[in-house]
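The values are calculated or read from the model by the stated rules, or taken from the named source; none is laboratory data. This one's a predicted model, so the numbers in the text were calculated from it and none came from an experiment. Neighbour counts run over all protein chains shown; Cβ positions are idealised from the backbone, glycine included.
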Amino acid sequence: MTDQLRMFDDYKQKVRAAAGDAALSDILAKGIFVVCTGSDVTNTYFTLRARSSYSHASYASFVVAHAAAFLDGLLSAGARHVAVISLPPVGCMPSQRTLSGGMARDCSPGPNEIAEMVNAGMGSAVDSLKANNPGAKVVLVDMYGFFMDMMVRPQGYGFRESTLGCCGTGMMEVSVLCNGVTSAVCGVIADYLFWDSYHPTEKAYGILVDFVYDEYLQKLIE
(Lines give C-alpha, C1' and ligand atoms only; values in the text may rest on other atoms or scores of the structure.)
Protein backbone atom coordinates (compact mmCIF):
# COMPACT_ATOMS: atom_id res chain seq x y z
CA MET A 1 0.00 0.00 0.00
CA THR A 2 2.94 2.34 0.58
CA ASP A 3 4.00 1.54 -3.00
CA GLN A 4 0.59 2.70 -4.20
CA LEU A 5 1.01 6.03 -2.41
CA ARG A 6 4.39 6.47 -4.07
CA MET A 7 2.88 5.67 -7.47
CA PHE A 8 0.10 8.17 -6.78
CA ASP A 9 2.72 10.81 -6.11
CA ASP A 10 4.41 9.91 -9.41
CA TYR A 11 1.05 10.23 -11.17
CA LYS A 12 0.50 13.70 -9.70
CA GLN A 13 3.91 14.82 -10.88
CA LYS A 14 3.15 13.61 -14.42
CA VAL A 15 -0.22 15.40 -14.48
CA ARG A 16 1.37 18.58 -13.15
CA ALA A 17 4.10 18.43 -15.81
CA ALA A 18 1.62 17.75 -18.62
CA ALA A 19 -1.30 20.00 -17.66
CA GLY A 20 -0.26 22.27 -14.80
CA ASP A 21 -1.21 22.76 -11.17
CA ALA A 22 -4.76 23.92 -11.89
CA ALA A 23 -5.63 20.75 -13.77
CA LEU A 24 -4.14 18.59 -11.03
CA SER A 25 -6.08 20.46 -8.35
CA ASP A 26 -9.30 20.01 -10.35
CA ILE A 27 -8.74 16.26 -10.69
CA LEU A 28 -8.04 15.86 -6.99
CA ALA A 29 -11.03 17.98 -6.01
CA LYS A 30 -13.50 16.10 -8.22
CA GLY A 31 -12.08 12.59 -8.39
CA ILE A 32 -13.60 9.68 -6.44
CA PHE A 33 -11.08 7.32 -4.89
CA VAL A 34 -12.27 3.79 -4.07
CA VAL A 35 -10.24 1.80 -1.55
CA CYS A 36 -10.84 -1.92 -1.17
CA THR A 37 -8.49 -3.70 1.20
CA GLY A 38 -8.52 -6.40 3.85
CA SER A 39 -10.37 -9.31 2.24
CA ASP A 40 -7.28 -11.07 0.91
CA VAL A 41 -5.30 -10.74 4.12
CA THR A 42 -8.26 -11.97 6.18
CA ASN A 43 -8.50 -14.96 3.86
CA THR A 44 -4.74 -15.44 4.16
CA TYR A 45 -5.00 -15.43 7.97
CA PHE A 46 -6.98 -18.66 7.78
CA THR A 47 -4.86 -20.35 5.13
CA LEU A 48 -1.32 -19.46 6.26
CA ARG A 49 0.35 -19.07 9.66
CA ALA A 50 -0.74 -15.64 10.85
CA ARG A 51 -3.39 -17.14 13.11
CA SER A 52 -0.68 -18.73 15.25
CA SER A 53 0.62 -15.24 16.10
CA TYR A 54 -2.59 -13.22 16.41
CA SER A 55 -5.98 -13.46 18.03
CA HIS A 56 -8.96 -12.50 15.90
CA ALA A 57 -9.16 -9.12 17.63
CA SER A 58 -5.45 -8.33 17.38
CA TYR A 59 -5.37 -9.33 13.70
CA ALA A 60 -8.38 -7.12 12.95
CA SER A 61 -6.63 -4.23 14.72
CA PHE A 62 -3.51 -4.90 12.65
CA VAL A 63 -5.51 -4.70 9.40
CA VAL A 64 -7.37 -1.56 10.48
CA ALA A 65 -4.16 0.23 11.51
CA HIS A 66 -2.53 -0.34 8.13
CA ALA A 67 -5.67 0.57 6.18
CA ALA A 68 -6.18 3.75 8.24
CA ALA A 69 -2.56 4.77 7.68
CA PHE A 70 -3.02 4.34 3.93
CA LEU A 71 -6.21 6.41 3.95
CA ASP A 72 -4.50 9.14 5.95
CA GLY A 73 -1.71 9.21 3.38
CA LEU A 74 -4.21 9.35 0.52
CA LEU A 75 -6.03 12.31 2.08
CA SER A 76 -2.73 14.04 2.80
CA ALA A 77 -1.86 13.57 -0.88
CA GLY A 78 -4.95 15.53 -1.91
CA ALA A 79 -7.81 13.04 -2.27
CA ARG A 80 -11.13 14.61 -1.28
CA HIS A 81 -13.78 12.01 -2.11
CA VAL A 82 -12.90 8.55 -0.76
CA ALA A 83 -15.09 5.44 -0.66
CA VAL A 84 -13.83 2.73 1.67
CA ILE A 85 -15.28 -0.68 0.80
CA SER A 86 -15.98 -2.80 3.88
CA LEU A 87 -14.98 -6.44 4.07
CA PRO A 88 -17.53 -8.96 2.79
CA PRO A 89 -18.46 -12.11 4.75
CA VAL A 90 -15.18 -13.81 3.84
CA GLY A 91 -16.13 -16.98 5.70
CA CYS A 92 -18.93 -17.65 3.22
CA MET A 93 -16.64 -17.66 0.18
CA PRO A 94 -16.51 -21.15 -1.39
CA SER A 95 -12.84 -21.65 -0.45
CA GLN A 96 -13.46 -20.89 3.22
CA ARG A 97 -16.51 -23.13 3.26
CA THR A 98 -14.27 -25.92 1.96
CA LEU A 99 -11.34 -25.21 4.29
CA SER A 100 -13.14 -24.59 7.57
CA GLY A 101 -16.87 -25.00 7.08
CA GLY A 102 -17.03 -28.66 8.08
CA MET A 103 -18.55 -31.53 6.12
CA ALA A 104 -21.63 -29.45 5.32
CA ARG A 105 -19.46 -26.61 3.97
CA ASP A 106 -21.27 -24.03 6.07
CA CYS A 107 -20.01 -20.46 6.37
CA SER A 108 -16.83 -20.42 8.43
CA PRO A 109 -17.43 -18.26 11.54
CA GLY A 110 -13.80 -17.28 12.16
CA PRO A 111 -13.19 -15.25 8.99
CA ASN A 112 -16.59 -13.62 9.31
CA GLU A 113 -15.83 -12.62 12.89
CA ILE A 114 -12.59 -10.95 11.80
CA ALA A 115 -14.38 -9.22 8.91
CA GLU A 116 -16.99 -7.81 11.30
CA MET A 117 -14.25 -6.60 13.66
CA VAL A 118 -12.35 -4.96 10.81
CA ASN A 119 -15.51 -3.26 9.56
CA ALA A 120 -16.29 -1.91 13.02
CA GLY A 121 -12.73 -0.66 13.39
CA MET A 122 -12.81 0.96 9.96
CA GLY A 123 -16.03 2.75 10.92
CA SER A 124 -14.22 4.39 13.83
CA ALA A 125 -11.17 5.11 11.67
CA VAL A 126 -13.31 6.78 9.00
CA ASP A 127 -14.94 8.99 11.64
CA SER A 128 -11.49 10.08 12.87
CA LEU A 129 -10.25 10.74 9.34
CA LYS A 130 -13.27 12.93 8.58
CA ALA A 131 -12.73 14.89 11.80
CA ASN A 132 -9.07 15.45 10.96
CA ASN A 133 -9.69 16.36 7.32
CA PRO A 134 -12.41 19.03 7.16
CA GLY A 135 -13.94 19.30 3.71
CA ALA A 136 -13.08 15.74 2.71
CA LYS A 137 -15.78 13.15 2.06
CA VAL A 138 -14.83 9.75 3.44
CA VAL A 139 -17.60 7.15 3.28
CA LEU A 140 -17.54 3.56 4.56
CA VAL A 141 -19.45 1.43 2.06
CA ASP A 142 -21.10 -1.41 3.96
CA MET A 143 -20.96 -4.42 1.64
CA TYR A 144 -21.13 -7.07 4.36
CA GLY A 145 -24.89 -7.28 4.84
CA PHE A 146 -25.79 -6.90 1.16
CA PHE A 147 -23.30 -9.53 0.01
CA MET A 148 -24.41 -11.89 2.80
CA ASP A 149 -27.98 -11.57 1.57
CA MET A 150 -26.82 -12.49 -1.93
CA MET A 151 -25.15 -15.58 -0.49
CA VAL A 152 -28.08 -16.81 1.62
CA ARG A 153 -30.83 -15.78 -0.85
CA PRO A 154 -29.19 -16.30 -4.26
CA GLN A 155 -32.53 -16.90 -6.01
CA GLY A 156 -33.60 -13.38 -5.05
CA TYR A 157 -30.78 -12.03 -7.24
CA GLY A 158 -31.17 -14.46 -10.12
CA PHE A 159 -28.53 -17.02 -9.07
CA ARG A 160 -28.89 -20.78 -8.70
CA GLU A 161 -25.61 -21.52 -6.88
CA SER A 162 -23.85 -19.48 -4.17
CA THR A 163 -21.65 -22.00 -2.35
CA LEU A 164 -19.56 -23.22 -5.30
CA GLY A 165 -17.61 -21.43 -7.99
CA CYS A 166 -18.33 -21.92 -11.68
CA CYS A 167 -14.75 -23.03 -12.39
CA GLY A 168 -13.53 -26.59 -11.76
CA THR A 169 -14.98 -28.20 -8.66
CA GLY A 170 -15.85 -24.72 -7.43
CA MET A 171 -14.46 -25.62 -4.03
CA MET A 172 -10.79 -24.54 -4.11
CA GLU A 173 -9.69 -23.49 -7.60
CA VAL A 174 -8.88 -19.79 -7.82
CA SER A 175 -7.18 -17.31 -10.15
CA VAL A 176 -4.80 -18.97 -12.65
CA LEU A 177 -6.08 -22.42 -11.67
CA CYS A 178 -9.30 -21.48 -13.48
CA ASN A 179 -8.71 -21.65 -17.22
CA GLY A 180 -10.01 -23.40 -20.29
CA VAL A 181 -7.05 -25.78 -20.43
CA THR A 182 -7.04 -27.40 -16.99
CA SER A 183 -10.46 -26.58 -15.55
CA ALA A 184 -13.99 -27.38 -16.59
CA VAL A 185 -16.39 -24.44 -16.52
CA CYS A 186 -20.06 -24.52 -15.56
CA GLY A 187 -22.62 -24.42 -18.33
CA VAL A 188 -24.37 -21.18 -17.41
CA ILE A 189 -22.04 -18.75 -15.66
CA ALA A 190 -24.88 -16.35 -14.86
CA ASP A 191 -26.39 -19.01 -12.57
CA TYR A 192 -23.37 -18.71 -10.24
CA LEU A 193 -22.64 -16.04 -7.67
CA PHE A 194 -18.94 -16.98 -7.75
CA TRP A 195 -16.65 -17.48 -10.74
CA ASP A 196 -13.96 -19.34 -8.78
CA SER A 197 -13.67 -20.20 -5.10
CA TYR A 198 -13.16 -16.56 -4.13
CA HIS A 199 -14.13 -14.05 -6.83
CA PRO A 200 -17.72 -13.20 -7.82
CA THR A 201 -18.90 -13.53 -11.40
CA GLU A 202 -19.36 -10.56 -13.73
CA LYS A 203 -23.11 -10.66 -13.06
CA ALA A 204 -22.54 -10.57 -9.30
CA TYR A 205 -20.08 -7.68 -9.57
CA GLY A 206 -22.65 -5.81 -11.65
CA ILE A 207 -25.25 -6.16 -8.88
CA LEU A 208 -22.72 -5.07 -6.24
CA VAL A 209 -21.65 -2.02 -8.27
CA ASP A 210 -25.28 -1.00 -8.78
CA PHE A 211 -25.81 -1.24 -5.01
CA VAL A 212 -22.82 0.99 -4.30
CA TYR A 213 -23.87 3.48 -6.97
CA ASP A 214 -27.45 3.71 -5.72
CA GLU A 215 -26.71 3.79 -1.99
CA TYR A 216 -23.45 5.70 -1.68
CA LEU A 217 -22.56 7.84 -4.70
CA GLN A 218 -24.62 10.82 -3.58
CA LYS A 219 -22.94 10.75 -0.16
CA LEU A 220 -19.57 11.09 -1.89
CA ILE A 221 -20.41 13.97 -4.19
CA GLU A 222 -22.93 16.05 -2.20
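Here are a few things to note about the model shown:
- The single condition among (1) surrounded by fewer than 18 Cβ atoms within 10 Å (Cβ to Cβ); (2) modelled with pLDDT of 95 or more that Ser52 does not meet is (2).
- Enumeration of residues in region 84-111 that are in contact with a Gly (Cβ under 6 Å, 6 or more places away or on another chain) and at pLDDT 95 or above: Leu87, Pro94, Cys107
- In the set (1) in contact with an Asp or Glu (Cβ under 7 Å, 6 or more places away or on another chain); (2) closer than 16 Å to Ser86 by Cα; (3) not hydrophobic (A, V, I, L, M, F, W, C), the condition left unmet by Tyr213 is number (1).
- Residue that is surrounded by the fewest Cβ atoms within 10 Å (Cβ to Cβ), among those in region 211-222 that are under 17 Å from Met148 (Cβ atoms) and under 16 Å from the mean Cα position of the chain (by Cα): Phe211
- Pairs linking a residue in region 64-76 that is under 18 Å from Ser25 (Cα atoms) to a residue that is surrounded by fewer than 15 Cβ atoms within 10 Å (Cβ to Cβ) and of a type in the set (Val, Ile, Thr), with Cβ atoms under 9 Å and 6 or more positions apart or on different chains, are Gly73/Thr2.
- The residue list Val84, Val90, Val118 contains one member that is over 23 Å from Ser175 (Cβ atoms) and of a type in the set (A, V, I, L, M), which is Val84.
- Residues satisfying the stated conditions in region 202-222, i.e. touching a residue at least 24 places away in the same chain (Cβ under 8 Å) and closer than 16 Å to Gly156 by Cα: Lys203, Ala204, Ile207, Leu208, Phe211
- Residues of region 13-48 that turn out to be within 25 Å of the chain's Cα centre (by Cα) and assigned to a helix (DSSP H, G or I), as a count: 11
- Which listed residue, of Ala17, Ala68, is within 24 Å of Gly123 (Cα to Cα), at pLDDT 95 or above and out of contact with any Phe, Trp or Tyr (no Cβ under 8 Å at 6 or more places or on another chain): Ala68
- Pairs, first within 22 Å of Asp40 (Cα to Cα) in region 1-16, second hydroxyl-bearing (Ser, Thr, Tyr), C-beta under 8 Å, six or more apart: Met1/Thr37
- None of Tyr45, Tyr54, Tyr59 is among the aromatic types (Phe, Trp, Tyr) and farther than 27 Å from Val139 by Cα except Tyr54.
- Which numbered condition Gly78 misses (of (1) in a loop (DSSP other than H, G, I, E, B); (2) over 30 Å from Leu164 (Cα atoms); (3) within 19 Å of the chain's Cα centre (by Cα)): (3)
- Sole residue being in contact with a strand residue (DSSP E or B) (Cβ under 7 Å, 6 or more places away or on another chain) and under 30 Å from Glu161 (Cβ atoms), chosen from Ser86, Ser95: Ser86
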